[in-house]
Each structure stands twice: as structure tokens, then as C-alpha cells.
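To keep things clear, I will list the structure first and then write my remarks on it.
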Amino acid sequence: MLIRTRCSLLTAAIALAIVPAATTKSSAAEAVAKNATSQQPNILFIFSDDHAEHAISAYGSKVNQTPFIDRLAQEGARFTNSFVTNSICTPSRATLLTGQYSHLNGVPVFNRFDGSRDTVAKHLQAGGYHTGMIGKWHLGSDPTGFDRWIVLPGQGSYWNPVFLVPGKKLTIEGHCTDITGDLGIEWLETRPREKPFFLMVHQKAPHRAWQPDERNKALFKDKQIPEPETLWDDYATRPAALPENQQTVAKDLTRRDLKLEPPAELQGRERNQWLNVKPTELAVTLEDGTTKTLSGQELVKWKYQRYMQDYLACVQGVDDNVGKILDYLDRSNLADNTIVMYSADNGWYLGDMGMYDKRFMYEPGLRVPLLARGPGIKAGGTPDAFVANIDLAPTFLDLAGLEIPSSMQGRSLAPLLRGETPQDWRKSVYYRYYHDPGHHNTAAHYGVRTATHKLIYYWKKDAYELFDLAADPSEQTNLLYTDGQPLSAEVSKLFGELKLELARLQREFQDDNQYADSSDWPAGSADGPFNDKQPTGVKSVSEAIKLL
Ligand SMILES: [Ca+2]
């Protein structure tokens with residue numbers, strides 16, 4: 001079933017101008033429809049993998065500068081409350097395409113996405129758009145709804161990456177971030193000119209194992225990165241899940257993560273085993289050339305620096321390539337009629353709460369950057385309404401002047417981009433993470449975030465956490481942790497209200513615990529295999545695009 005949506009930013013304004021006052025209702029509708037096809041803006045969506053909102057200077061980063069992503073904030077809108085609904089890669093990508101929560105789109109964990117499902121790309125393609133997908137895909141099946149696509153298999157590689165195209169696989173030499181940016185530009189250069197385009201450019205960076213390009217590696221080599229306030233979090237008041245997590249800077253970074261060099265004589269399995277060790281003591285060479293063995297707090301500080309230098313250098317590569325693409329849009333006179341959006345597939349812990357990685361519904365994991373620039377978008381706007389990744393697919397369709405299927409659970413962000421906030425906009429966000437048992441021993445949980453509070457429920461442990469985000473933005477004090485004392489009347493009341501809101505959201509979004517038990521997770525892996533693809537050797541960027 002389809003429902004009518006309001007017109008896109010651009011078509012609304014033009015339609016008003018061209019429809020004469022005496023025109024009948026039906027011919028006015030025809031005029032809007034006609035205009036929707038001739039004036040549809042191009043849409044360029046740039047996505048990165050694991051890019052923390054607080055590693056963008058426009059979002060107030062204390063650890064780096066991102067001048068090109070910042071340009072989108074200056075020339076467009078920067079959402080200040082943008083969240084994901086399941087903070088890991090594959091589920092987030094399925095939500096991006098379907099506008100649905102994991103329990104409806106069939107991708108709760110790292111399982112394969114069923115490409116026969118309805119997606120935003122299919123609607124844009126049917127609505128007259130030339131559609132493209134480049135870079136990190138990580139959904140296990142071939143992209144559908146795209147006229148031309150070239151994607152990484154599974155996680156992909158940073159150096160000399162293999163790419164998949166219909167029926168083939170090929171290698172492109174160089175660094176994946178730069179190659180992905182170049183492929184995006186080459187795709188734009190070679191697109192048919194008679195149609196508007198919808199292009200998704202999805203960077204692998206800054207995903208683990210954080211292998212930056214040489215220029216940015218050199219830039220961050222000796223940088224001292226400020227430590228976050230909660231690096232030494234002892235998890236007091238939050239005993240349910242945090243103490244058992246295995247994504248800490250202190251204990252869980254491997255020799256591979258820390259870029260330690262294995263002894264030359266180790267090969268194959270032995271070499272891998274060596275690299276997978278999580279060191280508790282380490283001899284390092286200091287600036288004066290002397291060697292010192294680090295352990296305890298000193299070693300944690302060293303690990304934090306090492307991890308952040310590489311992570312931020314990878315972010316810088318992403319920012320460079322945003323700049324490269326924006327520059328191309330300027331040079332090719334595409335900037336005026338192209339909506340450019342930037343976001344990431346999940347949040348990320350920059351040593352916050354002592355962690356790296358994502359998953360947990362605490363603020364660093366839940367929040368994602370979201371910026372948009374283009375025709376009709378107010379420059380310098382900072383919409384603070386609660387938005388989520390379920391909203392992106394409906395937004396693309398609305399901006400294109402196309403109908404939004406009722407199966408999509410999100411809502412178009414177009415009014416917010418114009419600088420308006422509808423009266424009935426959502427006041428809370430629902431989140432659910434399933435991957436337990438899974439990587440990093442992160443316990444399954446769901447929860448609700450409101451403007452002032454967050455309630456998290458670890459359903460396999462029957463344990464709740466409640467935070468006052470206004471008084472305690474770094475979520476250090478779980479208000480339900482009373483050490484055996486009864487809850488105050490105020491906290492009891494709040495707890496009851498948030499539980500009701502959580503139940504309301506689960507009804508609204510039709511979450512019936514479809515994937516609560518890991519035995520119900522759908523089959524197939526997001527990592528392939530991709531055995532149907534024939535090897536075609538090493539190709540340049542332009543040779544690769546010619547294969548599409
Ligand atoms: Ca990710």
C-alpha cells in the first residue's frame with residue numbers, strides 16, 4: 001500500500017509558482033507530478049563505517065578537525081539528535097535501505113539481507129533516478145535496485161581491495177578510502193546525463209583494524225590525543241553488562257590493533273595467533289630512543305594513543321574524500337541541484353566508558369552524525385528533533401518527490417531540513433541490539449531515549465538501567481542501582497513512565513520479540529561467500545567502472 005506524502009523541498013516551491021489559481025484540483029496534482037519528474041534533485045549519500053559523531057569538528061570534537069564534513073554543516077543542516085536503531089554494521093545498512101527496524105527487515109545481526117525485499121533504491125530507480133552503490137555494502141547478497149554497483153565483499157580490505165561487480169570480482173590497487181572516493185567521481189562522470197541520480201558512496205573507513213593511508217598515518221603519528229573523561233570508568237552502578245564487555249581499550253586491543261610487528265620467523269597460523277594476543281605488558285621505544293616496559297595504567301594510556309592515532313587518521317581519509325567529492329560537484333556545476341548527505345552506520349566509543357567499538361545504547365554508540373546540504377536546505381541549521389536511521393529512506397523518496405511506502409517505519413526529514421519542526425514529531429527513540437552471543441560479549445538490550453532520560457533493559461539478564469541525561473550526560477549513575485535500598489518515589493514514578501513508553505514504542509513499531517532468541521536469527525552471512533563472481537584481475541578505477 002502507498003500513501004501520499006508532502007512534496008519535496010524543491011517541487012513544493014516550484015509547483016506553487018506554476019499552478020494557476022483557477023486550475024482544478026486534478027490538473028494541479030498532474031502539474032506537481034510532472035514537475036516532480038523534471039525537477040527532481042540529485043541525491044548523493046556519503047556513508048562511513050563506525051565514524052563517531054564526536055570525531056567531527058562541527059560536532060565539537062576535542063580530538064580532530066574535519067574541515068570538509070564541516071563544510072556540509074556550514075552550507076546545510078547538522079542534526080544534533082541523530083540516532084541509530086541497532087548500533088552495528090549490517091543491521092544498520094538494512095535499515096538504511098528499507099526504512100524499517102531489524103525485526104521487520106530480517107537483519108537483526110550479521111546475517112544476509114534478502115535482496116528481493118522492497119528498498120528505497122528500487123523506488124528511486126522506478127521513479128526515474130539513475131541509481132548507484134559504491135563501496136562497503138556488507139549485506140551478503142548482491143545489491144538490488146541499483147543501475148550500477150561496485151561493492152566490497154564483507155568487511156573488505158583497506159589496502160589493494162577486492163571489489164565485486166555483477167558476476168565478477170576484481171582488485172584495485174591503492175588505499176580503499178581514496179579508491180572509493182575516486183570510484184564515486186568516476187561513476188558521476190560516466191552517468192547518463194538525462195536522468196537525476198541517486199548515488200550511495202559508502203566508505204569502509206574508519207572501521208577496525210584502522211589502517212590509514214600513508215599521508216594521514218604520518219599526520220597522526222606523533223599526535224597526543226586528549227583522553228576522554230570516562231576512560232577510567234569503573235562501571236559502578238552498572239553491574240549488569242558493562243563489567244563483562246570485551247571491547248575495552250585496557251584489555252581487549254590486540255597486537256594487530258596496536259600495529260605491533262610479529263617476529264619475522266612466524267608464518268601463517270602462528271603469526272596470526274601472535275597478532276591476536278591482547279598484551280598486558282609491552283616494551284616500547286620512547287622518543288629519546290630508550291626502551292621501557294609498560295604495564296597497568298601506563299600501558300592503557302599508550303594503547304589509547306596508538307588506537308586513536310590510527311582511528312583518527314582513517315577518519316581524516318574519509319574527510320579528505322568528502323572534500324574531493326564536494327570539489328567535483330562544484331567543478332561540474334552539480335552542487336546547486338544535488339542534495340549531499342553524510343552519516344555513519346553506527347556510533348563509536350573513543351575510549352568513552354573505557355571502550356572502543358559500538359553496540360551499547362549509551363550515547364557514544366547510539367548517536368551518529370547526520371548532515372545535509374542542497375537545494376531548499378537551510379544553511380547553518382541545527383535541527384534538534386529526534387531523528388533515526390529509519391528516516392533516511394523516506395527522506396530520499398520525499399526529496400525526490402516520490403511516494404513513501406507505508407511499510408517504511410521512519411518519517412521524512414524534509415520539513416526539518418527546511419527549518420520547520422512538525423508539531424507531532426516524535427519525542428522518543430526506540431533501540432534494540434540483538435547480537436548476543438556475539439562479538440565483544442555485549443549483552444543484548446533494548447531501550448528508550450527521551451529528551452531527558454534513557455531506560456535500558458538487558459532482557460536476557462532481566463536488568464534495567466535508568467539515566468538522567470540532563471544531570472548525568474555521560475551515563476555514570478544508574479538511578480535504579482540502590483544497593484538494596486528502596487527506590488525513591490520520584491525514581492519509581494519515572495521508571496514506570498519509561499517502561500510504559502518503551503511498551504508503547506514496541507507496539508508502534510511492531511516489535512514482537514521476533515529475534516529475541518538467537519535460534520530465530522535468519523540464516524546466511526553478511527560476509528558471503530560470493531562464489532558466483534569470476535576473477536578478472538587487477539583493474540584501474542576507470543576500467544572497473546566500465547565493467548558496470
Ligand atoms: Ca559499522
Top-ranked residue of segment 192-216 - restricted to ones that are more than 16 Å from the ligand (Cβ to nearest atom), buried (at least 18 other Cβ atoms within 10 Å of the Cβ) and not aromatic (Phe, Trp, Tyr), ranked as farthest from Gln309 (Cα to Cα): Pro196
Conditions (1) surrounded by 10 or more Cβ atoms within 10 Å (Cβ to Cβ); (2) part of a loop (DSSP other than H, G, I, E, B); (3) at pLDDT below 95; number of the one not met by Asp288: (1)
Arg93 more than 16 Å from the ligand (Cβ to nearest atom), modelled with pLDDT of 95 or more and in the same structural domain as Asn321 (by TED's automatic domain parsing): no
Residue match in segment 523-538 (condition: among the β-branched types (Val, Ile, Thr), modelled with pLDDT of 95 or more, outside any loop (DSSP other than H, G, I, E, B) and under 30 Å from Leu170 (Cα atoms)): yes
Residue in segment 357-371 that is modelled with pLDDT of 95 or more, within 14 Å of the ligand (Cβ to nearest atom), farther than 24 Å from His123 by Cα and assigned to a strand (DSSP E or B) present: yes
Unique match (being assigned by TED's automatic domain parsing to the domain that holds His439, free of Cβ contacts under 8 Å to residues at least 60 places away in the same chain and among the polar types (S, T, N, Q)) among Asn272, Asn333, Asn276: Asn333
Condition check for Asp257: outside the structural domain of Asn478 (by TED's automatic domain parsing) and either touching a residue at least 60 places away in the same chain (Cβ under 8 Å) or within 22 Å of Ile456 (Cβ to Cβ) (or both): no
Matching residues in segment 491-522 - criterion: being hydroxyl-bearing (Ser, Thr, Tyr) and within 16 Å of Arg432 (Cα to Cα): Tyr515, Ser518
Any chance Asp330 is in a helix (DSSP H, G or I), modelled with pLDDT of 95 or more, surrounded by fewer than 16 Cβ atoms within 10 Å (Cβ to Cβ) and more than 16 Å from the ligand (Cβ to nearest atom): yes
Of all residues making up segment 333-350, the number that are within 16 Å of the ligand (Cβ to nearest atom) and outside any strand (DSSP E or B): 6
Selection within segment 82-128 - of a type in the set (Lys, Arg) and either buried (at least 23 other Cβ atoms within 10 Å of the Cβ) or in a loop (DSSP other than H, G, I, E, B) (or both): Arg93, Arg112, Arg117
Any chance Ala526 is assigned by TED's automatic domain parsing to the domain that holds Leu104, crowded, with 17+ Cβ neighbours inside 10 Å and touching a Gly at 6+ places or on another chain (Cβ under 8 Å): yes
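The values are calculated or read from the model by the stated rules, or taken from the named source; none is laboratory data. Only a predicted model underlies this, so the values are computations on that prediction, with no experimental measurement involved. In this analysis, Cβ positions are derived from the backbone assuming ideal geometry, glycine residues included, and neighbour counts consider all displayed protein chains.
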